[in-house]
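Below is one structure, written out as structure tokens, with a few remarks after it.
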Amino acid sequence: MAYPNITDRNMSKGFSEILYYANEITESWLSNLILIGIYIITLMTIYNYKRDFVEGMAVAGFFTFLIALLFYLADFISGVTLVFVIAITIISVALLFFNKRR
């Protein structure tokens, strides 16, 4: 399968067109890896600040959900990825709710 050429794109639309092109040639791995990176960075930041891993998971899940929702509205990720992020958010909030330390 031949990859599409970047010169076939209208680059006057801005930086988002480069992201769409990169996401297309990586078969949507770029957007997924961006979301994973956002989740891990947020999780480690909250964990280092509060020393509570479950709370960090809940905050990271919710923050990643907001970013994923924006990506979905911009048609940068698929609905399956959005549902996966929603499931991670629900699980992390449930873990926070049933945390025994509270």
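Read-outs: derived from the displayed coordinates by stated rules, not from any lab. The structure presented is a predicted model; accordingly, all values stated were derived computationally and were not measured. Cβ atoms come from the backbone with ideal geometry, glycine included; neighbour counts cover every protein chain shown.
A few remarks follow.
- Compared with the dominant Cα axis of the chain, that is its longest principal axis, helix 79-97 is turned about 10°.
- Cα long-axis angle, helix 29-50 against the chain (0 to 90 degrees, to the nearest 10): 30 degrees
- Computed over the chain, the per-residue total of -39500 (n - 2.57) for DSSP H runs of n ≥ 4 gives a 222 nm mean residue ellipticity of -24500 deg cm²/dmol, rounded to 500.
- Additional length obtainable on full extension of the chain from Glu17 to Ala74, 0.36 nm per residue less Cα span: 19.4 nm
- Taken along the Cα-to-beta-carbon direction at a fixed 7 Å, the label points for Ile40 and Ser28 span 2.1 nm.
- A Stokes-Einstein calculation at 10 °C with viscosity 1.306 mPa s, built on the Kirkwood radius of the chain over Cα pairs, returns a diffusion coefficient of 105 µm²/s.
- Between 0 and 90 degrees, the angle of helix 53-73 with respect to the longest Cα principal axis of the chain falls at about 30 degrees.
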